[in-house]
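The values are calculated or read from the model by the stated rules, or taken from the named source; none is laboratory data. As the structure is a prediction and not an experimental result, all values here were calculated from the model. So basically every Cβ, Gly included, is an ideal-geometry build from the backbone, and we count neighbours across all protein chains shown. With ligands, DNA and RNA removed, areas are computed over all heavy atoms of the protein, side chains included. Shrake-Rupley method; radii C 1.70, N 1.55, O 1.52, S 1.80 Å.
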Amino acid sequence: MMNDIERNDKEYVWHPFTQMQEWVAQPQMIIEAAEGIKLIDSDGNKYYDGVSSLWVNLHGHRHPTIDKAIIDQLGRVAHTTMLGLINVPASQLAEELMAVVPKGLTKLFYSDDGSTAVEIGIKMAYQYWQLKGATKKQKFVTLANAYHGDTVGTVSVGGIDLFHRIFASLLFESIQAPCPSCYHCKLSSDPKQCGMACIDEVEKILAENHGEIAAIIVEPLVQAAAGMLTQPKGYLKRLRELTEKYNVLFLVDEVATGFGRTGKMFACDQEDVSPDFMMVAKGITGGYLPLAATFMTDEIYNAFLGDYTQQRTFFHGHSYTGNPLCCAAGLANLQIFREEKVIAGLEAKIEAARIRLAAFTQLRHVGEVRQQGLMIGIELAENPAKRISFSWDMAIGAKVCKKTREYGLIIRPIGSVVVFMPPLSSTVAEIEHMLDIIYKSIQEVTETDQTQYDNQDVAAVLI
Ligand SMILES: *Cc1c(COP(=O)(O)O)cnc(C)c1O
């Protein structure tokens, strides 16, 4: 039975990353409330939020600390502009963030989401070289399969064919380096022994073109939207060394990896890397409200200084830049990290997931299991031994994710990769329970005759 909410949604709303023809043809779930790491639908059913509401939620829903911080701030003011004015939570949050970001990052620029944080990094890196007089340094190096957002600038540095191909003529040109995923490696027949052939390719690009290159932008440790593609240990650090050697700025997009996801506060901390720019969003408010920040060094900040007639200003800003409610949520998020010792508590959870995941490789149709902290991707394959993928139009990942809903778990695939990104507050027992549901669902879906499925039926949850 379709109620008014579902009817109105289907009448008026265009959903993100969704084929609406299939969406409106199928019954869809309405989430009315949540409790901790569970979502509650309009029939009162509870489901684990197994992808943290698309990678944003850290401490569960309706956490009393964040709820209270937002309500308290509402009692003062919801929003005032940062153009020409200071607001209290934005100032306080900036100070607290500086205490946790990699050393060397000393300033920040607020915005509203991951895409805008990356746009700001790109525009600042570009303007930096113009201001420095190195006016030929205009190009960006990106990784194959990169994802940095959906706005035109961030799509220009993106490399996911399915999302980005159609916009090609609208984009600025960037230089693409190979994707550093060993499972999908095209450079070496034995990636374990190659001594990181992918980094040699980056060096080649920089050696030949550094006079024209403004910056390299990367997702550190994990290319999440590409299907949780993990990078070889040491890759990030080597990239940093190369950018220093060739005088190229290093932009690290921690939108997905930041705030504990990889097991440390930031992925950069895993390899003791300090970039020129770092972008954060998703987890910054604990998954409550849209907020983002672009961090940079004194060297970048100082290059923009001068009296106003020199026009060195960074002419960029958004209506809700540094919104006080969002910043209050951001402060509460950091308070929870301290009070609940979130980072220290992650180790046991990550280890429990690792042990559970070891069994997945024995499933007949699992090609690779990838884990970096609580970022997990299980790549399904028609024939793992021969590295034969499932044909994309089988929507195999979507079928598995549809099945997990029957067992009380909401997750979302990327093609044939089953993504698992539970809130950091999930207990060991909950993580094990969710992984057991995923195991069972993969087995049931991939080991039965695929002709029994109507692919249309699952396509509305297909990315
Ligand atoms: C999600 C994501 C973005 C885009 O963030 P939005 O808030 O969706 O605009 C950018 N970079 C990475 C690495 C992401 O995972």
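When the surface is traced with a 1.4 Å probe over the full set of protein chains, Arg240 keeps roughly 30 Å² accessible.
Solvent-accessible area of Asp4, all protein chains in place: 100 Å² (probe radius 1.4 Å, heavy atoms, ligands and nucleic acids excluded). May I ask for the distance between the Cα centers of the stretch 137-178 and the stretch 35-63, given as a whole number of Å? Taking the Cα centre of the stretch 35-63 as reference, the centre of the stretch 137-178 is 32 Å away. Relative protection proxy for 347-355, 125-133, 13-21, from highest mean packing down: 125-133, 347-355, 13-21 (other beta-carbon atoms within 10 angstrom). Ligands, DNA and RNA left out, the 1.4 Å accessible surface of the stretch 67-339 is 53% carbon and sulfur atoms. Cross-link partners of Lys440 among lysines, defined as those whose alpha carbon lies under 24 angstrom from its own and excluding same-chain residues fewer than eight positions apart: Lys38, Lys46, Lys349, Lys386, Lys399, Lys402, Lys403.
Beta bridges assigned by DSSP with both partners in the stretch 67-339 are antiparallel in approximately 45 percent of cases. Using the Cβ-Cβ distance between Asp298 and Leu83 with R0 set to 25 Å, the FRET efficiency from 1/(1 + (r/R0)^6) comes to roughly 0.60. Under 12 Å from the Cβ of Val100, count the other residues' Cβ atoms, weight Lys and Arg +1, Asp and Glu -1, and hand me the total. Result for the local shell: -1. The residues of the chain expose on average 46 square angstrom of accessible surface per residue, using a 1.4 Å probe on protein heavy atoms.
Of the peptides 75-86, 37-48, 139-150, the order by per-residue mean of other Cβ atoms within 10 Å, starting with the highest, comes out as 139-150, 37-48, 75-86. Of the three principal axes defined by the Cα atoms of the stretch 67-339, the extents in descending order read 61, 46, 37 Å.
Sorting 412-422, 167-177, 193-203 by average packing, meaning the other beta carbons within 10 Å per residue, from highest down gives 412-422, 193-203, 167-177. What percent does the relative contact order of the chain come to when contacts are Cα pairs within less than 8 Å and at least six residues apart? Rounded, it is 21 percent for the chain.
Note on the chain: Cα-only Rg and Dmax are 22.2, 71 Å.
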